[in-house]
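Any read-out appearing in this document is the output of simple, stated calculations on the displayed coordinates, not a laboratory observation. All values derive from a computational prediction rather than experimental measurement. Cβ placement follows ideal geometry from the backbone for every residue including glycine, while neighbour counts extend to all protein chains displayed.
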Amino acid sequence: MMAEGTALATDQLQLVELVNRVLDRGAVISGDMVISVAGVDLVFVGLRLVLCSVETARAASLTGAVDG
Amino acid sequence: MAERHWLYCVTRAGCEPPEGTAGIGGAGVFVVDDGEHALWASRLGDRSPRSIDGVRCHNAVVMAAMAGGVTPVPLRFGQVVDAEELPAVLEAHRLEWRKRLDEFAGTLELGVRLDGGDYRVPSADAASGRQFMEALLRRRREALEAVALVRRQVSAYVLREHLQLPERGRDFTGVAHLIRRERTEMYRRSLDELTACLPHFRLTISGPWPPYSFAA
């Protein structure tokens, strides 16, 4: 059985599925930008989602590659 | 500074947003049409897309294109171009739009997600390394068997599929299917019948979606 207390509600699952699709799939044209979702800044570099925060990216000196 | 535009999707020419369709920040959605294809866009201005509402809004605009029985090519969130570049976006990808719109005509995307398993992976702190790795392998094997069952169950309805296997940072298994619109209910019923065969998993069907998983 699934662990109690860890299962996402159905509406949360639908939101996860939505975010997964909209942020990481779909046709790509060009351009770079920074977005944040749910208060956590995410960094797009060449429109590939990099799973790190903006602060982490800054620490890694990636910020020159993005446009806020 | 050039005016920036947020991009949503591409349809065949002649397909217009329903009146009042609002994009990011409430800006009106309009189309740029080259006679063959239409690019859906809105002025971004100083508005920030930085919220979950921005994600919902982007999808809502693409879903508005779906409402009339059209299946657009959905664009990934976060693509912004200058106003003068809008026609070039259509021109530079003309063959790609044509190919995708032909493929997507009369279709939509549905997703299946499998969460769970009949055991718990012990925490890395509590278990021995061997126990932990064995549990992870068992979990992956069960997930693969479950998703194989799902794929067999609906294979008659599926035009294309996009598989997500468990990996580091993702402990669920998912599969996205491109199917014909008129087969949606048959697809759902078929998976409902399967639920009893997967008592240790939670099977969630999501969608219908624009074909995000097949547009890249």
**Asked** Which value in nm describes the separation of the simple spin-label points at B:R141 and B:L165, placed 7 Å from the Cα toward the beta carbon?
**Response** 1.5
**Item:** Calculated Rg and Dmax of the stretch B:141-216 using C-alpha coordinates, Å
**Value:** 12.4, 37
**Message:** What distance in nm separates the two pseudo spin-label positions at A:D24 and B:T184, each 7 Å out from Cα along the beta-carbon direction?
**Reply:** 2.5
**Asked** Roughly how many nanometres apart are two label points built 7 Å out from the Cα toward the Cβ at B:D34 and B:R12?
**Response** 1.8
**Asked** Cα-based Rg of the stretch B:1-121 per 2.2 N^0.38 Å, rounded to two decimals?
**Response** 1.20
**Item:** Along chain B, longest interval not containing exposed GluC sites (Glu not before Pro), exposed being DSSP loop plus at most 16 other Cβ atoms within 10 Å
**Value:** B:37-216
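Under the Kirkwood approximation applied to all pairs of distinct alpha-carbon atoms, what is the hydrodynamic radius of the stretch B:7-52 in Å? Could the numbers behind the result be given before it?
Numbers: mean 1/r = 0.0895 Å⁻¹.
Mean inverse Cα-Cα distance, inverted, gives 11.2 Å.
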**Fill in**
Here the whole-number average of other chain Cβ atoms within 10 Å per Cβ of B:103-116 is 2
**Fill in**
Residues whose built amide H sits under 5 Å from the amide H of B:L44, excluding neighbours closer than 5 in sequence, are B:R4, B:H5, B:W6
**Request:** Grab the DSSP H runs of chain B that are 4 residues or longer, score each as -39,500 (n - 2.57), total them, divide by all residues and round the 222 nm result to the nearest 500 deg cm²/dmol.
**Result:** -10500 deg cm²/dmol
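Is there a simple number for the mean count of other chain Cβ atoms within 10 Å of the Cβ of residues in B:198-207, and what is it? The partial results should precede the final answer.
Working: counts 0, 1, 2, 2, 6, 0, 6, 2, 9, 4.
Mean shielding by partner chains, rounded to a whole number: 3.
Could you grab the Rg to Rh ratio for chain B? Cα atoms only, Kirkwood for Rh. Provide the component values of the computation, followed by the final result.
Details: Rg = 20.7 Å, Rh = 19.4 Å.
Checking Rg against Rh, the ratio lands at 1.07.
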**Message:** Let me confirm one metric for peptide B:77-84, namely the mean number of other chain beta-carbon atoms within 10 Å of its residues' beta-carbons.
**Reply:** 6
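Over the stretch B:54-106, consider all pairs of different Cα atoms and compute the Kirkwood hydrodynamic radius from their mean reciprocal separation; express it in Å, one decimal. Intermediate results must be reported in sequence, preceding the final value.
Numbers: mean 1/r = 0.0806 Å⁻¹.
Kirkwood radius, the stretch B:54-106: 12.4 Å.
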